[in-house]
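Report on one structure; see the data block that follows.
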Amino acid sequence: MVEFALAPTRPRNGANPPEIRDGSVVRAVFLDIDDTLVDFTTASRAALTAMIGRSDMWSLWERITDEYVARVVTGELDYPTMHRRRTAAFLEAIGVAVDEADAARFERRRAAGMRARFRLFDDVLPCLTRLRANGLRIAAVTNASGTHQRAKLEELGLSPYIDHVAIAGEVGAAKPDPLIFYSACAAVDCEPHEAMHVGDRLRTDAVGARKAGLRGVWLNRSGARATVPEGVTEIGSLAELADQVEYAIAGTVVPTPR
Ligand SMILES: [Mg+2]
């Protein structure tokens, strides 16, 4: 006779226990790319610091970048134009007078410096290996430029693990719009409730996915304090994600050794 026990859980706090033990099937895991798989912020910040010789302008850079990315999401700008204009606006904001050609040159050098610094987080390959071993389909779901993201996945050795890449600019909808999640579900042949989406942005990734009917998982690597809405799971690492997926596959019970 096999004895069964409730699967162990590893809640990060009492208010937000994992909601994975409902016995439903998980067929696919979707992952955001930047700051979920790839340490984008460290690379981008270091490249900017190297270019301007100071490290105190990062929050300004992020704010201006967010403004320009929003204009890509609305369809007002394409990515190459956005990158050039964003960088020109940033240089102007820090008092550097440049013409369009100077800004484009700065942006090329900055982007090259950033790409050379891209690294995977240590928990990425072990997690993807475990997901694969459990037969799950894996998709990357990103709001950033398709050309850049596909090159990044290839250069960092992630392509063999990923069945599909959903790119906002190609789908015509950006996270948290449910359409981008539905397009990924269609591509890997699963229903929304059979998929889980994991990302570092609580609203854009986890809450957006949850509202689309997927399992929404917030990857909070820094341990930031935030109110996590009901139905969204918070994890601190991708090792926790692999644990939870394995519990989900096992259903509500797992065999325990006699
Ligand atoms: Mg991200």
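The values are calculated or read from the model by the stated rules, or taken from the named source; none is laboratory data. This is a predicted model, so every value here is computed, not measured. Neighbour counts run over all protein chains shown; Cβ positions are idealised from the backbone, glycine included. All accessible areas refer to the heavy atoms of the entire protein, side chains included, with ligands and DNA or RNA removed. Shrake-Rupley method; radii C 1.70, N 1.55, O 1.52, S 1.80 Å.
Rounded to the nearest 20, the Cβ-based charge dipole of the chain about its Cα centre (Lys and Arg +1, Asp and Glu -1) stands at 420 debye. The residues of segment 143-258 expose, per residue, 44 Å² of accessible area to a 1.4 Å probe. Mean residue ellipticity, 222 nm, helices only, the chain: the sum of -39500 (n - 2.57) across DSSP H runs of n ≥ 4, divided by residue count and rounded to 500, is -13500 deg cm²/dmol.
Here the gap between R109 and I249, fully extended at 0.36 nm per residue and compared with their Cα-Cα distance, gives a gain of 45.8 nm. The Cα atoms of segment 128-211 give a gyration tensor whose axes a ≥ b ≥ c have a/c of 1.5 or more with a/b no greater than b/c, which makes the shape oblate.
Across the chain, the relative contact order, built from alpha-carbon pairs under 8 Å that are at least six residues apart, equals 30 percent.
Accessible surface area normalised per residue over segment 40-117 is 56 Å², counting heavy atoms of protein chains with a 1.4 Å rolling probe. Ligands, DNA and RNA aside, V25 has an accessible area near 70 Å² when probed at 1.4 Å. Of the beta bridges in the chain, as assigned by DSSP with both residues counted there, near 15 percent are antiparallel. The accessible surface of the chain, taken with every protein chain in place and a 1.4 Å probe, is 51 percent carbon and sulfur. Projected label points at T74 and A89, each 7 Å from Cα along the beta carbon direction, are separated by 1.0 nanometres.
Measuring from centroid to centroid over Cα atoms, what is the spacing of segment 78-110 and segment 60-76 in Å? Measuring centre to centre over Cα atoms gives 13 Å. Here the dipole of segment 40-117 is about 400 debye; that uses its Cα centre as origin and unit charges on the Cβ of Lys and Arg (positive) and Asp and Glu (negative).
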